[in-house]
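Novice: For reference, the structure I am asking about is given below.
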Amino acid sequence: MKFGVVRFPGSCDEVDALMACRRFADARLLWHGDRDLDGVDVVVIPGGFSYGDYLRVGAIARFSPVMAAVKEHALAGGAVLGICNGFQVLCEAGLLPGALLPNSGLRFLCRQVDVEVVNRDTPFTRACAGGDTLSIPVKHTSGRYYAPEEALSDMDAHGQIILRYAPGHNPNGSVSDIAGVANRDKNVMGLMPHPEHAVDTLDGSTDGGCLFESLVEHVEEMAERVAGAHA
Amino acid sequence: MKARVLIRPKEGILDPQGQAVERALPALGFEGAKEVRVGRLVELEVADSSRLREMCERLLANPLIEDYEVQVVE
């Protein structure tokens, strides 16, 4: 089981994400110019300021060569996790619904927040304990999740709202306190909080680990299923 | 030819930047400015203006959150 973490010019959390992935499985960095994903099982689009966040956050990164491969991977059912800037990139790429706007307070925010797991029946959250709130840091300037009303009720009906900020913890004015969403098939997820910064007791919280653990469980189960089908 | 694309936050979407500017104006004695919205201006020279709309839809604006207006200048 191998994670691939994409490094864009301007990424800054790719090494933390890589180290976090390596606690749970193999992991390697991928470069934005790569045209293939070297057989990784899960793609992580990390935080940072890809391509300087010019024009709009995430707007330019979606045209990089590696994103064509990421799209292909996602369309084939492969798991893709976008963290912070990665979430913004996946929204701009049309792999996730909605968009991320500047924080309602206009300020860069860096703080620990509590996040509720709304849907545990996904490859990203299956290992998260029931009823738990996760303590994970956010650090962003454009984290205000937005989707039009109809899209939101549709997402809600299909279990695509995966994480919400706990009451009183919405730091950025996100609609419906949304902190993380998935596509309809639940194989692509984006979130503003940084689980890769909450995997070691030195971080003050290890709550982010369950996302990586979930993905490992998911990939292993898929592999078992394939092996079973061929047996 | 030269073209200008005006991009602004869609109506109904909170524009904290516009609000901040609106609050700052009275501090300088400019009373009564309302509904301030801050957007972006993209100027470009193009050979074929018929593709400007597509450029806006696919890159210059995010139609989910932004409205745009194309002006061909000359």
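Novice: Going by the structure shown, is A:Gly143 away from every other protein chain (no Cβ under 11 Å), over 16 Å from A:Phe212 (Cβ atoms) and surrounded by 20 or more Cβ atoms within 10 Å (Cβ to Cβ)?
Specialist: Here the answer is yes, as A:Gly143 does meet what is asked.
Novice: Let me ask something else. Only one of (1) modelled with pLDDT under 95; (2) more than 23 Å from A:Leu163 (Cα to Cα); (3) over 17 Å from the mean Cα position of the chain (by Cα) fails for A:Ala68. Which number is that?
Specialist: Only one criterion is unmet by A:Ala68, namely (1).
Novice: I'd like to verify a number: residues in the stretch A:30-41 that are surrounded by 15 or more Cβ atoms within 10 Å (Cβ to Cβ) and under 16 Å from A:Val89 (Cβ atoms), how many?
Specialist: Within the stretch A:30-41, residues that are surrounded by 15 or more Cβ atoms within 10 Å (Cβ to Cβ) and under 16 Å from A:Val89 (Cβ atoms) number 4.
Novice: Please state which of the following conditions A:Leu106 fails to meet, knowing it meets all the rest: (1) of a type in the set (A, V, I, L, M); (2) out of contact with any Ser or Thr (no Cβ under 6 Å at 6 or more places or on another chain); (3) within 25 Å of B:Leu59 (Cα to Cα); (4) at pLDDT 95 or above.
Specialist: Looking at each condition in turn, A:Leu106 falls short on (4).
Novice: Another one. With (1) within 14 Å of another protein chain (Cβ to nearest Cβ); (2) exposed (fewer than 13 other Cβ atoms within 10 Å of the Cβ) as the list, and B:Glu22 as the residue in question, which single condition is left unmet?
Specialist: Going through the list (1) within 14 Å of another protein chain (Cβ to nearest Cβ); (2) exposed (fewer than 13 other Cβ atoms within 10 Å of the Cβ), B:Glu22 breaks only (2).
Novice: Now for a separate question. Of all residues in the stretch B:8-36, which are assigned to a loop (DSSP other than H, G, I, E, B), charged (D, E, K, R) and either out of contact with any Pro (no Cβ under 6 Å at 6 or more places or on another chain) or farther than 23 Å from B:Glu69 by Cα (or both)?
Specialist: Scanning the stretch B:8-36 gives B:Lys10, B:Glu11, B:Glu31, B:Lys34, B:Glu35.
Novice: If you take the residues of the stretch B:35-74 that are more than 25 Å from A:Ser142 (Cα to Cα), among the acidic types (Asp, Glu) and in contact (Cβ under 8 Å) with a residue 24 or more places away in the chain, which of them is nearest to the other protein chains (Cβ to nearest Cβ)?
Specialist: Looking at the filtered set, the residue picked out is B:Glu45.
Novice: Of A:Cys12, A:Cys21, which residue is buried (at least 20 other Cβ atoms within 10 Å of the Cβ), touching a strand residue (DSSP E or B) at 6+ places or on another chain (Cβ under 6 Å), among the hydrophobic types (A, V, I, L, M, F, W, C) and more than 21 Å from B:Leu60 (Cα to Cα)?
Specialist: A:Cys21
Novice: Just give me the residues in the stretch A:95-117 being more than 10 Å from chain B (Cβ to nearest Cβ) and under 14 Å from A:Gly58 (Cβ atoms), in sequence order.
Specialist: Residues satisfying the conditions are A:Leu95, A:Leu96.
Novice: Is it the case that some residue within the stretch A:201-218 is surrounded by fewer than 23 Cβ atoms within 10 Å (Cβ to Cβ), in contact with a strand residue (DSSP E or B) (Cβ under 9 Å, 6 or more places away or on another chain), among the polar types (S, T, N, Q) and in contact (Cβ under 8 Å) with a residue 60 or more places away in the chain?
Specialist: Yes, the stretch A:201-218 contains at least one residue that is surrounded by fewer than 23 Cβ atoms within 10 Å (Cβ to Cβ), in contact with a strand residue (DSSP E or B) (Cβ under 9 Å, 6 or more places away or on another chain), among the polar types (S, T, N, Q) and in contact (Cβ under 8 Å) with a residue 60 or more places away in the chain.
Novice: Oh, and also: Among the residues of the stretch A:144-177, which ones are in contact (Cβ under 8 Å) with a residue 60 or more places away in the chain and closer than 13 Å to A:Phe87 by Cβ?
Specialist: Result: A:Asn172, single match.
Novice: Among the listed residues A:Arg225, A:Arg184, which satisfies the condition of being of a type outside the set (Asp, Glu), at pLDDT 95 or above, over 25 Å from A:Val113 (Cβ atoms) and surrounded by fewer than 17 Cβ atoms within 10 Å (Cβ to Cβ)?
Specialist: A:Arg184
Novice: How many of the residues making up the stretch A:186-215 are more than 21 Å from A:Leu100 (Cα to Cα), of a type in the set (D, E, K, R) and assigned to a loop (DSSP other than H, G, I, E, B)?
Specialist: Number of matching residues: 1.
Novice: Oh, and also: Check off (1) under 19 Å from A:Asp41 (Cα atoms); (2) within 18 Å of the chain's Cα centre (by Cα) for A:Ile178 and give me the number that stays unchecked.
Specialist: (1)
Novice: Is it true that A:Val188 is touching a helix residue (DSSP H, G or I) at 6+ places or on another chain (Cβ under 7 Å), closer than 17 Å to A:Cys91 by Cβ and in contact (Cβ under 8 Å) with a residue 60 or more places away in the chain?
Specialist: Spelling it out, A:Val188 is indeed touching a helix residue (DSSP H, G or I) at 6+ places or on another chain (Cβ under 7 Å), closer than 17 Å to A:Cys91 by Cβ and in contact (Cβ under 8 Å) with a residue 60 or more places away in the chain.
The values are calculated or read from the model by the stated rules, or taken from the named source; none is laboratory data. Not measured: the values here are computed from a predicted model. Glycine also receives a Cβ, built like all others from the backbone with ideal geometry; neighbour counts cover every protein chain displayed.
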